[in-house]
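Visitor: Have a look at this one before I ask anything.
The values are calculated or read from the model by the stated rules, or taken from the named source; none is laboratory data. Just so we're clear, the structure is a prediction, and the values are computed from it rather than from any experiment. Backbone-built Cβ (ideal geometry, glycine too); neighbour counts: all protein chains shown. Heavy atoms of the whole protein, side chains included, go into the accessibility calculation; ligands, DNA and RNA do not. Shrake-Rupley method; radii C 1.70, N 1.55, O 1.52, S 1.80 Å.
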Amino acid sequence: MPQRSTHTGQSLTYAAVGASQAADLMFYPPKGYRPAEDSIRIGSGRDRFDAAAATLLAWGVQKNSGIVVSNIELPTPSDTDYAGLVYDADGTPLAARDVNPELTYSEDGTPQISAGVTADLRIRAYGRQVTAPVRVVLVIDEPNEAGFAYGTLPGHPEEGEESFVVTHEPDDSVWFTVRAFSRGSTLFYRAVSPLLRRQQRLMTKRYLRALLPGRAA
């Protein structure tokens, strides 16, 4: 039986961690990287936002786009980790926040997204299956904004970061935005960068449709 691969101890393959959230990404991307940003309105109302956020944080965008999400791993605990404190409604500190909380699970048993989690994304492109290892580098959990970003690990065809964010706007509309910066991870992939960009555009179109009403995680 083949051994299960692990990404424990592996470093991200790019330096600008979190830059997918930069306001000026489209004008000033990290040097050598190509930026991308696309948005779509996916409905309106609090219920629509809550449903979309729940699907998003259960890897629903990836799964609804035909990607197989596998080999999900929690980050390795460290004695030096510090996650801050838990406060009550009056702002009084109650206790230390759990550094490594247990994962919650979606209905199909898939662990939900949390910061530091790694996964293998299996994508079919140009007649072959490609495995793209990623690590979740940030999670957004705000009253009117939810989402996450993951960065590339060794073995991914690209280097860079991609974020998926749902927002509930003041006019009650709900929007889904995908932002990324990337480049080929090796000389081979950089040589075929037009094919990579074409595949990225195709996947982005699938991503944007993945949270439309009627789609299930």
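Visitor: Treat every Asp and Glu Cβ in segment 143-202 as -1 and every Lys and Arg Cβ as +1, leave all other atoms uncharged, and give the resulting dipole magnitude about the Cα centre to the nearest 20 debye.
Guide: 560
Visitor: Calculate, for residue 202 and residue 31, the FRET efficiency according to 1/(1 + (r/R0)^6) with r their C-beta to C-beta distance and R0 30 Å; round to the nearest 0.05.
Guide: About 0.70, to the nearest 0.05.
Visitor: Additional query: Mind checking the dipole of segment 170-217: about its Cα centre, +1 per Lys or Arg Cβ, -1 per Asp or Glu Cβ, Debye to the nearest 20?
Guide: 380
Visitor: Filter the chymotrypsin sites (Phe, Trp or Tyr not before Pro) in segment 122-212 down to the DSSP loop ones having no more than 10 other Cβ atoms within 10 Å, then list what survives.
Guide: Taking segment 122-212 and a limit of 10 other Cβ atoms within 10 Å, the loop chymotrypsin sites (Phe, Trp or Tyr not before Pro) found are 126.
Visitor: Would you mind working out the accessible area per residue for segment 129-189, using a 1.4 Å probe, and quoting it in Å²?
Guide: Computed with neighbouring chains in place, this is 38 Å² per residue.
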